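Heads up, the thing below is written out as structure tokens.
The values are calculated or read from the model by the stated rules, or taken from the named source; none is laboratory data. Because the structure is a prediction, the values reported are computed rather than measured. For neighbour counting, all protein chains shown are included, and Cβ atoms are generated from backbone atoms with ideal geometry for every residue, glycine included.
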Amino acid sequence: MEHQGYEFVVVANRLAVNRVTTNEGATGWERSPGGLVTALAPIMAASEGAWVGWHGAADEELEPFDHEGLHLHPVPLTEREVHDFYEGFSNDTLWPLYHDVIVRPSFHRRWFNAYREVNQRFAEAAANVAGQGATVWVQDYQLQLVPQMLRDLRPDVTIGFFNHIPFPPPGIFAQLPWRHSVLRGLLGADLIGFQRESDARNFQRAVRSRLGHYIKSDRVYVPNEYDSQAGSPLKGFDADPERGTAPRQLSAPEEGTYRTAEARAFPISIDTETIQELAQDPSIISRAAQIRAELGHPKTIFLGVDRLDYTKGIRHRLKAYEELLREGELQVGDVTLVQIASPSREGVASYQQLRDEIDLTVGRINGEYDTMGHTAVRYLHHSYPLREMVALYLAADVMLVTALRDGMNLVAKEYVAARKSGDGVLVLSEFTGAADQLRQALLINPHDIEELKASMVTAATMDSDQARKRMRSLRRQVVSNNVSRWAKEFLESLSQQHTSA
Ligand code: G6P
């Protein structure tokens, strides 16, 4: 049967639009501001593409709809599934496990069952809209079983997968009771992309040690029997035990008995052009000046911009800052810290706990060090539109990115892209993907509070020649690698890999 449908399909947990309510109370949709949507929208327009994803509300079924040229196919989730699949398995099992177990992952069989069922729903939705021989690009850790499920339903399509978050070392990954299912789910793709070389290596090591497959030049040799029969898509997952390890294959299997799946790094970037344009917009430049004035014209504004997430090292940052104030190394009035923490995953207990801790710490620091005219920490628990973010980037002398583990960290890249004037200092955790590329930042280990403090002081006092030299080199990196180039490189490699697999 020849399938009718779209040539290019993106499958992501989130749809490419957010629901908005106007002042008059009417609801509508607005395109998501993220780089992924910006990068993929033109590709979708040029190649008849569709986006499959969850629209963010529970217990609501929506018909497919178009918005600003995007063809959107909403996948429904029940309230139970939001709890078990999204808050549970995705964000209370995989998220902490994949981020170095900063908090303890919870393992619940019911959550995994929901994950499997929801992944199957996404795979079916993609299979229904993909045309004959289409390219389907699956995004992120919420959908790791989709590639193989989709291959079982539609062996004719080319499948890519990109993991936006880290992939953990094999010793940590091995804790997952459903580790083989996840590896086999991912290996259903023709190309599996990761942020860092080390993530791709971790994945390859897990595949080699657990499933025993032969790997050469980033290509995993996947035995044909792994592709289960079309029509019984879960068969493959049920057949494979999670326990034990398969004997390691030391040479390539016989021709015709396998296909290959390529696994390597494609570091994501941002929509550099848009940020640069906004950074030159006179109204945004004057908004930046207004922010500085409202903060009382401090000599140094430190800025942190994060989702309120325990991976971001906000507590470590506040601890270092508080100690510097206590020791008199920094003085309120000369310096201020603006911390934007956008609300995130508020249904998950570890996020609620983090919020309480940050509220308490900020309250303590401000109580101790604020003056009538100046604040130590201006803490804002909101999200802001990109225009306001760029104004903040322009207003900030020092950007603090102190994540304990982060797939990439796009805020670091946005700050650099916005600093057209060539000054400003980036303090960057070496545990972010961005640290692989932004070598001229002040690289720090956020667990080392003394090092973090020293870097904050260095950043605040760095002479302008030195700062400009570093920023020049950072800008060269960021400006020449925008997110459209990332998407293009991934999709080109995907089509090459598919032809050679
Ligand atoms: C990270 C993940 C994304 C996710 C985003 C926001 O960047 O890699 O897949 O969409 O966080 O989290 P949320 O849970 O709100 O989708």
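When the residues of segment 416-430 are narrowed to those that are buried (at least 21 other Cβ atoms within 10 Å of the Cβ) and in contact (Cβ under 8 Å) with a residue 60 or more places away in the chain, which ends up farthest from the ligand (Cβ to nearest atom)?
Step by step, filter segment 416-430, then rank; the result is Arg419.
Counting just the residues of segment 83-123 that are of a type in the set (Asp, Glu) and without any contact (Cβ under 8 Å) to a residue 60 or more places away in the chain, which one comes out surrounded by the most Cβ atoms within 10 Å (Cβ to Cβ)? Before you say what the answer is, go through the steps one by one.
The first filter runs over segment 83-123 and keeps only residues of a type in the set (Asp, Glu), leaving 84, 87, 92, 100, 117.
Now narrow it down to the ones that are without any contact (Cβ under 8 Å) to a residue 60 or more places away in the chain: 84, 117.
Details: Asp84: 23, Glu117: 14.
It comes out as Asp84.
Residue check: is His71 within 20 Å of Ala123 (Cα to Cα), part of a strand (DSSP E or B), away from the ligand (no atom under 16 Å from the Cβ) and in contact (Cβ under 8 Å) with a residue 24 or more places away in the chain? Even if it seems obvious, please write down each step before you answer.
On the way: within 20 Å of Ala123 (Cα to Cα): yes; part of a strand (DSSP E or B): yes; away from the ligand (no atom under 16 Å from the Cβ): yes; in contact (Cβ under 8 Å) with a residue 24 or more places away in the chain: yes.
Yes.
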Answer residue from segment 327-350, given it is touching a helix residue (DSSP H, G or I) at 6+ places or on another chain (Cβ under 8 Å) and more than 29 Å from Arg104 (Cα to Cα) and is surrounded by the most Cβ atoms within 10 Å (Cβ to Cβ) among those: Leu337
Considering only segment 293-310, state which residues are within 15 Å of Tyr393 (Cβ to Cβ) and more than 30 Å from the chain's Cα centre (by Cα). Leu295
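Taking the conditions exactly as written (within 16 Å of the ligand (Cβ to nearest atom), assigned by TED's automatic domain parsing to the domain that holds Ala320, touching a Lys or Arg at 6+ places or on another chain (Cβ under 7 Å) and farther than 15 Å from Val305 by Cα), does Gly433 satisfy them or not? Walk me through how you get there before you give the answer.
Details: within 16 Å of the ligand (Cβ to nearest atom): yes; assigned by TED's automatic domain parsing to the domain that holds Ala320: yes; touching a Lys or Arg at 6+ places or on another chain (Cβ under 7 Å): yes; farther than 15 Å from Val305 by Cα: yes.
Spelling it out, Gly433 is indeed within 16 Å of the ligand (Cβ to nearest atom), assigned by TED's automatic domain parsing to the domain that holds Ala320, touching a Lys or Arg at 6+ places or on another chain (Cβ under 7 Å) and farther than 15 Å from Val305 by Cα.
Take Glu61 and tell me if it is surrounded by fewer than 13 Cβ atoms within 10 Å (Cβ to Cβ), at pLDDT 95 or above and not assigned by TED's automatic domain parsing to the domain that holds Tyr310. Spell out the reasoning first.
Values: surrounded by fewer than 13 Cβ atoms within 10 Å (Cβ to Cβ): yes; at pLDDT 95 or above: yes; not assigned by TED's automatic domain parsing to the domain that holds Tyr310: yes.
Considered against the rule, which asks whether it is surrounded by fewer than 13 Cβ atoms within 10 Å (Cβ to Cβ), at pLDDT 95 or above and not assigned by TED's automatic domain parsing to the domain that holds Tyr310, Glu61 comes out as yes.
Restricting attention to segment 322-351, and to residues there that are part of a loop (DSSP other than H, G, I, E, B) and away from the ligand (no atom under 16 Å from the Cβ), which single residue is farthest from Ile301 (Cα to Cα)?
Going residue by residue through segment 322-351, those that are part of a loop (DSSP other than H, G, I, E, B) are 327-331, 333-334, 343-348.
Keeping just the survivors that are away from the ligand (no atom under 16 Å from the Cβ) gives 327-331, 333-334.
Values: Glu327: 19, Gly328: 17, Glu329: 15, Leu330: 12, Gln331: 12, Gly333: 10, Asp334: 9 Å.
Ranking the qualifying residues of segment 322-351, first place goes to Glu327.
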Complete set of residues in segment 6-28 that are more than 11 Å from the ligand (Cβ to nearest atom) and at pLDDT 95 or above: Tyr6, Glu7, Phe8, Val9, Val10, Val11, Ala16, Val17
Condition test on Val37, is it among the β-branched types (Val, Ile, Thr) and within 13 Å of the ligand (Cβ to nearest atom)? yes
Across segment 21-32, which residue is farthest from the chain's Cα centre (by Cα) among those that are under 13 Å from Glu68 (Cβ atoms) and of a type outside the set (Asp, Glu)? Gly28
Segment 137-167: number of residues that are more than 9 Å from the ligand (Cβ to nearest atom) and in a strand (DSSP E or B): 7
